[in-house]
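Structure provided below as structure tokens; questions to follow.
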Amino acid sequence: MPGVSGTGCSTQDFDVRRLRFIARRLLQAVPTILLIVVINFLLLHLAPGDAADVLAGEAGSATPEYMAALRARFGLDQPLYVQLFVYLKNILSLDLGYSFRHNQPVLTLILDRLGPTLLLMATTLVLSVSIGVLLGLLAATGLRTWRDNIISVLALVSYATPLFWLGLMLIIIFSIQLDWLPTSGMETIGAFYEGWDRVADIARHLVLPAVTLSLFYLAVYTRLMRAAMLEQAGMDYVTTARAKGLTERRITFGHVLRNALLPVITVAGIQTGGLIGGSVVVETIFGWPGLGLLAFQSLFARDLNLLFGIFFLSACLVVVVNVIVDLIYALLDPRIEIA
Amino acid sequence: MGGFWHRFARNRSAVLGLAILAIVLLMAAAAPLLYPGSPFALAGRPLSGPFGEFLFGTDTLGRNVAAGIAHGARTSLLIGLISTAVAVLLGVLIGGVAGYYGGRVDDLLMRLTEIFQTIPSFVFAIVLVAVMSPSVHSTVIAIAVVSWPGVARLARGEFLSMRRREFVQSCVSLGMGDLRIMFRQILPNCLSPIIVTASLLVATAILIESGLAFLGLGDPNVMSWGFQVGAGRTVLRSAWWICTFPGIAILLTVLAINLVGEGLNDALNPRLRSA
């Protein structure tokens, strides 16, 4: 393995250490999640109006006695630290509260919408990382030629393009003018496709949202990959490989590429949080029935329980992805201390 | 200063960025002269096309899109600059204290910073504005709260390495106070990377602000580019210009600031350039 030294320990030893690393990494995530819960709780209390106000507003009017009864029922008359404790206990038992707007538990609503969002995010991740790595590679191998220049300018422009505007422009071009792709939703309403027809239908609906969300991250990975390739090209092991008489092609693909991929993987993990934020905007534009659209709807229905449930879950998702990225990283680069 | 300008001007795209930025600044400054009165005022027939009586047409209510863009420039730049200033202040303070004192203070503050970095920033900003109710203040606070961790990590690294330098050691032995060493001695020596990061943060802040305004979380009394795009969304099929031109304004401004930021990076860190 070029540029990488061995670990010098038996495989069994290594497995135990790897398990320990996973356990420690998971333990580190606990205070993070606890603090996010506390932030959630404090913000929920800063918000004007509580659940009783919302319900009373729904009903049109309420007597002070009825309001007091409501507050007692939800435990809103307890001191703040008791409420925090109850809130923590509820969240840790996966009870994210109740959405009075939808008359359903928040967790049920979120789980219903999780699938489409994960589909959108996974597609975006695959698209942006693979194309970004390819473009970065092309730019770095043709340094300061027209190829490098065009790719770098494209990356700069898409890095500065607001997501929502890009989405609307793609709708104008590909849906309104050319009439190639649907403008909104995840499936054709009333078509009731089954099997592969349904898959094809969803894929057609997925194109525009996924391309919109990908373009910004594509720019990030292209720039990163280009920079990482250039950085690696100056390393000693490349000089060694060249001295051995290897061809430039073999040096690039056999040695430089795999080392340049490491920072891309790290950043892909860091960007998960950004992807969730981006999906709020993209899902709102394309009517994609995922968590982002649900967040947007809850925002305007003043359904704070639901909004905070989504916020909490998306933060947890980032924590999980970060742990996974650390593991992949440790697998790819044995130099990383996992003991 | 001459050397700085020379190094900056060697990067042609940075000069282009500076030129675009100058135009946007000029537009923001001249907005009340070019389009006096409120940009929310009705100017003519609704949905008039662009390049006729109105340069960029009118929107669904008959508001002049060009006037909105000129006034929106003030909002975007102002919110971008102020929220970045707050984020940099917060970041330098937290990162500086962590790097200067080290030890447990460092551990604690950096854990906090990492946790804030874990929280998805745009969703966090949405939640913050929703809780505080939409206004210029809440937008600035929300952007600053989600932007400081990057600055804090940078400042921590700089302060940590400066702390061991001889000039700082001599200040300590002279009996200088911690605050004075931090802000009068160390800070001026690590301004370059902070300035570069801050310039790029302004671009990000403008993107977040326009995204919030697009979703309807902007100050309802202040014209902004994101609001204009959001308002034109419903008539996308018949009136493409309402969404298109404010979006181009965002794109050009953010692009220009990024270019200037990279130019500053090249000019302020000449060692990186020659490598």
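For region B:218-261 and region B:136-207, write down the distance between their C-alpha centroids in whole Å.
For region B:218-261 versus region B:136-207, the Cα centre distance is 32 Å.
Going by the alpha-carbon gyration tensor, a ≥ b ≥ c the square roots of its eigenvalues, is chain A rounded (a/c under 1.5) or, if a/c is not under 1.5, prolate (a/b greater than b/c) versus oblate?
Values: a/c = 2.72, a/b = 1.52, b/c = 1.79.
Since a/c reaches 1.5 but b/c is at least a/b, the shape of chain A is classed as oblate.
Express in nm, to one decimal, how much length is gained between B:I248 and B:R104 on full extension, taking 0.36 nm for each residue of separation and deducting their alpha carbon distance. Each step should come with its number before you reach the end.
Working: separation 144, 0.36 × 144 = 51.84 nm, distance 4.77 nm.
Result for the pair: 47.1 nm of gain on full extension.
Separate question: Counting Lys and Arg as +1 and Asp and Glu as -1, each charge on the Cβ, what is the dipole of region B:90-244 about the Cα centre in debye, to the nearest 20? Could you put the intermediate results ahead of the total?
Numbers: 11 positive and 8 negative charges, 32 e Å.
That gives region B:90-244 a dipole magnitude of about 160 debye.
Another one. Rg and Dmax of region A:134-261 over Cα atoms: what are they, in angstrom?
20.3, 66
Quick one: net charge of B:I79's neighbours, Cβ under 12 Å, K/R +1, D/E -1? Mind showing how you got there, number by number?
Values: positive: B:R74; negative: B:E209, B:D219.
Taking every other residue near B:I79 into account, the sum is -1.
Please work out the Cα center distance from region B:1-40 to region A:266-324, rounded to the nearest Å.
35 Å
Let me ask something additional. What is the percent of Cα-Cα separations in the protein assembly as shown that go past 31 Å?
Values: 108808 of 188191 pairs.
Of the Cα pairs, 58 percent sit more than 31 Å apart.
Compute, for chain B, the length of the dipole vector about the Cα centre, with Cβ point charges of +1 (Lys, Arg) and -1 (Asp, Glu) only. Units Debye, rounded to 20.
460 debye
Which of A:T212, A:I173, A:N103 sits closest to the plus end of the dipole of region A:85-213, meaning its Cα is farthest towards the positive end, when Lys and Arg get +1 and Asp and Glu get -1 on the C-beta?
Final value for the positive-end residue is A:T212.
Further, regarding this structure: Per residue of A:198-210, what is the mean number of Cβ atoms on other protein chains within 10 angstrom of that residue's Cβ?
Working: counts 0, 0, 0, 0, 0, 0, 0, 0, 0, 0, 0, 0, 0.
Mean partner shielding for this stretch: 0.
For region B:5-145, what does the alpha-carbon gyration tensor say about shape, rounded, prolate or oblate, given a ≥ b ≥ c as the root eigenvalues, a/c under 1.5 as rounded, and a/b over b/c as prolate?
Working: a/c = 3.33, a/b = 1.74, b/c = 1.91.
In terms of gyration-tensor shape, oblate.
Calculate for chain A the 222 nm mean residue ellipticity that helices alone would give, adding -39,500 (n - 2.57) per DSSP H run of length 4 or more and normalising by residue count, nearest 500 deg cm²/dmol.
My calculation for chain A gives -24500 deg cm²/dmol from helical runs alone.
Please report, in whole Å³, the volume per residue of the convex hull around the C-alpha atoms of chain B. Mind showing how you got there, number by number?
On the way: hull volume 44.4 nm³, N = 275.
So the per-residue hull volume is 162 Å³.
With a cut-off of 17 Å, note down the residues of region A:130-148 whose backbone N falls inside the zone around a label point 7 Å from the Cα of A:L246 toward its beta carbon.
Answer for this model: A:141.
If you consider only alpha-carbon coordinates, what radius of gyration and Dmax does region A:200-287 have, in Å?
In order Rg, Dmax, the Cα atoms of region A:200-287 give 18.1, 57 Å.
Just going by the charge dipole of the protein assembly as shown, with Lys and Arg at +1 and Asp and Glu at -1 on Cβ, which of B:A142, A:M225, A:L118 is farthest out on the positive end?
Going by the Cα projections, it comes out as A:M225.
Can you give me the span-like helices of chain B, meaning DSSP H runs with 18 Å or more of Cα extent along the axis and Kyte-Doolittle mean at or above -0.5? If you can, show how the numbers build up before the last one.
Values: long enough: B:12-34 (32 Å, 2.23); B:65-101 (52 Å, 1.58); B:103-118 (23 Å, 0.00); B:136-163 (38 Å, 0.82); B:191-214 (34 Å, 1.92); B:240-268 (42 Å, 1.38).
In chain B, the long hydrophobic H runs are B:12-34, B:65-101, B:103-118, B:136-163, B:191-214, B:240-268.
If you add up the charges near B:S170, with Lys and Arg at +1 and Asp and Glu at -1, over every other residue whose beta carbon is less than 13 angstrom from its beta carbon, what do you get? Numbers along the way, then the final one.
Numbers: positive: B:R163, B:R164, B:R165; negative: B:E166.
For residues surrounding B:S170, the net value is +2.
Only Lys, Arg, Asp and Glu count, each charged at its Cβ (+1, +1, -1, -1), so figure out the dipole size of region A:160-227 about its Cα centre, rounded to 20 debye. Write out the running numbers ahead of the final one.
Numbers: 4 positive and 5 negative charges, 95 e Å.
Its charge dipole is roughly 460 debye.
Please find the FRET efficiency linking A:H45 to A:T145, where r is the Cβ-Cβ separation and R0 is fixed at 51 Å, and quote it to the nearest 0.05. Walk me through the intermediate numbers first.
Working: r = 58 Å, r/R0 = 1.14.
Here the calculated transfer efficiency is 0.30.
Something else now. Convex hull volume of the Cα atoms in region A:67-127, per residue, in Å³?
Numbers: hull volume 7.2 nm³, N = 61.
Per-residue hull volume (Cα only) is 118 Å³.
Averaged across the residues of A:163-175, what count of C-beta atoms belonging to other chains lies within 10 Å of each residue's C-beta? Each step should come with its number before you reach the end.
Values: counts 5, 13, 14, 2, 1, 11, 6, 0, 5, 5, 1, 0, 2.
Mean inter-chain Cβ contacts per residue within 10 Å come to 5.
Since every read-out is calculated from the coordinates, none of them should be taken as a lab result. Because the structure is predicted, anything quoted here is derived from the model rather than measured. As a convention, Cβ positions derive from the backbone with ideal geometry for all residues, glycine included, and neighbour counts pool all protein chains shown.
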